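Report on the following structure.
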Amino acid sequence: MRKFMNVKFIVLFALTLLAGSAAYGQDNVIDEVVWVVGDEAILKSEVEEARLNALWENRRFDGEPYCMIPEEIAVQKLFLHQAALDSIEVPENEVIQRVDYMTNMYIANIGSREKMEEYFNKTSSQIRETLRENAREGITVQKMQQKLVGDIKVTPAEVRRYFKDLPQDSIPYIPTQVEVQIITQQPKVPLEEIEDVKRRLREYTERVNKGESFTMLARMYSEDKGSAINGGELPRFMGRGELDPAFANVAFNLQSPDKVSKIVESEFGYHIIQLVEKRGDRIKVRHILLKPHIPEAALTAATERLDSIADDIRNNKFSFEEAASLLSHDKDTRNNYGLLPNPNNNTSKFEMQELPPEIAKVVDKMQVGEISEAFTMIPERTGKEECVIVKLKSRTNGHKATVADDYQNLKNIVLEKKRAEVLDKWIREKQKHTYVRINDKWKKDCAFKYPGWIKE
C-alpha cells in the first residue's frame, strides 16, 4: 500500500561530497562521458557520486541505479536549461541558508566538524563549496517546477471523487502528525564583539589599500567558507534580487575594482566587498565575511531566560501563546501564537521527519501540552544559532484517511498527482526538442521512465 506523502517537488539533490572519500575509493574511478543532454555532459563520476550518496542516505531504487541515476540527472538538466531560458534567479541568501543547514545536518549526524572532514576526506571549505553549487541547482530546479505547476488548483469535488473511487486497500495511511509551537531568543552579541569584527574588517581594507591582495585575505580570513576557497569571489554574475538587500545596495554602488566597500551588515554577518565586473544589471563581486562570536555566556543567558519563561507558563502566570506573541524573536511564528507552519502542505501539521532535526528529537519524547526545556538550534532560514523552547500542541496518531478528518491531506495528494502529471508531460515534450546521446553501454537493457531519450 502506498505510504502517504505530503506534496513535495521531486528534485535531484546529488551531493558530490563523496568524490574524495577514501572509504569508497572514488579517486580510482576512470572518468568518461556517459550521457550528453543538449550541450551538457553527464560524467561517469557524477553518476558514481550520486550512487554513493544514495547509499549513504539508504535510498532504494525501483530499477537499475546505473540506468535511473543518469536519467534523473538528465531530467534535472532539462529543468536547469529551461530555468536559464526563463531567467530564473536564486537569491544567494537562499543558497547560503541551504548550505548552512546541510553542513549542520552532516555535523549532527556524523558527530563533529572534524569527523565530517575525516569521513568525506575534504576540508569544511571544500565540502561547503561542493554543497553551494548543488544547493543552487536544486533550488533552481524547484523554482522552475513551481513556475510550471504554480497555477494548478484542486476543487473539493475533485478530492471527494478521488477518495470515492479509491479501492478500500488503497486508502492512504496518514502517518502520525504533530503540531508544534515555538518561542525563540537570539543570544545578545556583546557590542565589543561587533566592534572587534568591524576593527578587523577595517584592518583588511587598509591592507588592501596598501597593496595586499583582497583575494589572499579572503582565503585566509573570510568566514564564508564556500567563497573563501575562491578568494572570496561569488560563483557567478548575480542580479540584485539574488543577494541580501543590504549587501546588494552596497555592491551595486561600487564603481571601481580597485576600491573596497564600506562595512556592510547583512543577515549573515559583516562584510567588505570588492567589485570584479559589472555586466548590465548583473554583477560579480568578491567579499570577506566575519561573524561576531556568540560567547558561551550569551547562550547561557538566553537559555536561562527561556527556562524562566517556560517555568512561568507552567505556573500559569501567562500562556504559551501570550509569551510567543510578546517575547519570541521568531518573526515568522510570533504573530501566530508560536505555531510552526509546514511549507510542504500549507498546514501546521508535521510528520516527524519534516521537523527540523533538533526540534524532532525533543518533540518525540514529549506529551501533548508539555513544554520543553530550553535548547539550541541553527534554523535553515537564518543559519544563526538561537535558543528555543517548544510546546507540543497536538499529536494525531497514524490512521487511514477520511474526507472528514483528513481533507487537507487528501487535497494535497490530488494536487501532487495533478502536478506530477503536468511535469511528466512537460518532460516528455522537452525531450522531443533536446539533443540526447547515450553511451551504448549505458542504455543497454535500461527501462527508462521516459523512453524518449532514445530517438529512433
Next on the checklist: Quick query: amide H of Glu233 versus all other amide H atoms, modeled in the peptide plane; which residues come in under 5 Å with a sequence gap of 5 or more or a different chain?
Outcome noted: His287
Next on the checklist: For the range 191-290, take the convex hull of the Cα atoms, compute a quarter of its surface area, and give me that in nm², please.
Outcome noted: 5.8
Next on the checklist: Only helices at least 24 Å long along their own axis, judged from Cα atoms, and with Kyte-Doolittle mean hydropathy of -0.5 or greater: name those in the chain from DSSP H.
Outcome noted: 65-85, 92-110, 296-314
Next on the checklist: Place a point 7 Å from Cα of Glu40 in the direction of its Cβ. Which residues in the range 424-450 have their backbone N less than 12 Å from it?
Outcome noted: none
Item to check | Ellipticity estimate at 222 nm from DSSP helix runs (n ≥ 4, -39,500 (n - 2.57)) divided over the chain, nearest 500 | outcome: -14000 deg cm²/dmol
Checklist entry - More than 25 Å apart: what percent of Cα pairs in the range 337-456 qualify? => result 52
Item to check | Convex hull of the chain built on C-alpha atoms - directionally averaged projected area, nm² | outcome: 25.7
Item to check | Spatially close lysines, pair count over the range 191-290: Cα under 18 Å, gap of eight or more or interchain | outcome: 8
Item to check | Pair-distance profile P(r), taking every C-alpha pair of the range 212-271, with 5 angstrom steps and integer % | outcome: 4, 17, 23, 34, 20, 3, 0
Item to check | Unpaired by the 4.7 Å Cβ criterion, cysteines found in the chain | outcome: Cys387
Next on the checklist: Based only on other Cβ atoms within 10 Å, what is the fewest-to-most ordering of Phe318, Phe252?
Outcome noted: Phe318, Phe252
Item to check | For the chain, with +1 on Lys and Arg beta carbons and -1 on Asp and Glu, the positive-most of Trp426, Val99, Leu327 along the dipole | outcome: Trp426
Next on the checklist: Considering just Cα atoms, how many Å³ per residue does the convex hull of the range 336-389 enclose?
Outcome noted: 99
Checklist entry - Around His399, which amide H atoms from residues at least 5 apart in sequence, or from another chain, sit under 5 Å from its own amide H, with H modelled in the peptide plane? => result Ile174
Checklist entry - If you rank His287, His433, His81 by fewest surrounding Cβ atoms within 10 Å, what's the result? => result His433, His81, His287
Checklist entry - When the Debye formula is applied to the Cα atoms of the range 374-422, each taken as the same point scatterer, what base-10 log of I(q)/I(0) results at q = 0.15, 0.21, 0.29, 0.32 Å⁻¹? => result -0.75, -0.80, -1.05, -1.17
Next on the checklist: Can you tell me which aspartates and glutamates have their Cα less than 12 Å from the Cα of Lys400? Leave out same-chain residues fewer than eight positions away.
Outcome noted: Asp169
Checklist outcome for this item: Output for the range 216-340 (equivalent-ellipsoid semi-axes, sqrt of 5λ from the C-alpha gyration tensor, Å, descending) is 41, 18, 10
Item to check | Cut-off 13 Å between beta-carbons: net charge of the residues surrounding Pro187, Lys and Arg +1, Asp and Glu -1 | outcome: -1
Item to check | Partners for Lys44 among aspartates and glutamates (Cα-Cα distance below 14 Å; same-chain residues under 8 apart left out) | outcome: Asp27, Asp31, Glu32, Glu71, Glu72, Asp440
Item to check | Sequence ranges 74-80, 44-50, 157-163, ranked by mean other-Cβ count within 10 angstrom, highest first | outcome: 74-80, 44-50, 157-163
Next on the checklist: As a footprinting exposure proxy, order Leu326, Leu423 by other Cβ within 10 Å, with the fewest listed first.
Outcome noted: Leu326, Leu423
Checklist outcome for this item: Beyond 22 Å (Cα-Cα) in this structure, taken from Lys143/Lys443; Lys417/Lys449; Lys147/Lys331, we find Lys143/Lys443; Lys147/Lys331
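No value in this document is a laboratory result; all are computed from the given coordinates. Fair warning: this is a prediction, and the values are worked out from it, not measured in the lab. With ideal geometry, Cβ positions are generated from the backbone for all residues, glycine too; neighbour counts draw on all protein chains shown.
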